[in-house]
1. Step through the residues of region 111-123 one at a time and calculate ³J(HN,Hα) from phi using the Karplus curve (6.51 cos²θ - 1.76 cosθ + 1.60, θ = phi - 60°), rounding each to whole Hz and writing x for Gly and Pro.
2. Any idea how far apart Phe157 and Glu35 come out in nm if each label point goes 7 Å out from Cα toward Cβ?
3. For region 74-136, report the convex hull volume of the alpha-carbon atoms normalised per residue, in Å³, without decimals.
4. Under a crude label model (7 Å from the Cα following the beta-carbon direction), how far is Ala221 from Ser69 in nanometres?
5. Could you calculate the FRET efficiency of Leu173 with Leu109 from 1/(1 + (r/R0)^6), where r is the beta carbon distance between them and R0 is 22 Å, rounded to 0.05?
6. If we sort 160-166, 46-52, 198-204 on the protection proxy, mean other Cβ atoms within 10 Å, highest first, what's the order?
7. With the crude spin-label approximation of a point 7 Å out along Cα→Cβ, what separation in nm comes out for Asn207 versus Asn188?
Amino acid sequence: MGLNNSLISGRSARILLASIAFGLLAACGAPPPAEGINDPYEATNRKVHDFNRRLDEALVGPASRGYGSVVPEPAQRVVGNVARTLDLPGDIMNNLLQGRIANAATNTLRLATNLTMGVGGLFDAATALGLPQKPTDFGETLHVWGMGEGAYLELPFTGPSTTRDTVGTLVDLALNPVRLAVPPREANAATLLKLFSRLGDRNRFSNTVESILYESADSYAQARLLYLQNRRFQLGRGAGAVGGDDDFIDPYEDPYAE
């Protein structure tokens, strides 16, 4: 009975999402480029930032260094490859909602290639064959539909965001195709794998993260600026830069990417 209710709930959510998508796509296009910093909740955001900073110093940073020292780099790469493969169904769904059929096709080919030639996603065979990753999320879908960036937010545990990206994150979590398609035990294992992948990211980018959090005169302002600049650049690629230019260097670029 619980399974049937879950399936019904999942179908209803997808129908609702599709209805919203068609309505928004019919009503509007991508918003004008965001400029400046809209931070009406700065006082609260700074408190959350202080919490996140203490959490990183006490738990996340040490855990990532432990993960990096205990787990060999080849194994970390395998974890990252599987995590990115698990993200592909969600990427494909968002590509389709954005009307970006070419990206959806590329990600579908990536998924098929990594599941077969990549032995279930253990190896990134798709990149080696010239099928680059086309990551996206529901925050970008909302951007394509015409929703503005909104206010800057810093969220507990997850860090910098905006009103639009927070909504996008919640939808991605609720409607993740992998979570909806597989039994709860396997879905929880996938979530755990992604957490380990994030620890690996934190360890690889430790110099950048720690320079922002612990060496900046104002770590909150620095993190806010970098997030907004990077996110606007991401959303502007493919249709002219949004708040950025072709020479922008992503400080969080995956060093393993080809």
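1. These are the phi-based 3J(HN,Hα) values: 4, 5, 5, 6, 6, 9, 5, x, 6, x, x, 5, 10 Hz.
2. 3.8
3. Details: hull volume 3.9 nm³, N = 63.
Considering the Cα atoms of region 74-136, their hull volume per residue is 62 Å³.
4. Placing both labels 7 Å along Cα→Cβ, they lie 3.5 nm apart.
5. Between Leu173 and Leu109 the formula returns 0.30.
6. 160-166, 198-204, 46-52
7. 4.0
Each value in this text was obtained by applying a stated rule to the coordinates, not by laboratory testing. All of these numbers come straight from a predicted model, not from anything done at the bench. Cβ sites come from the backbone with ideal geometry, for glycine too, and all protein chains shown count toward neighbours.
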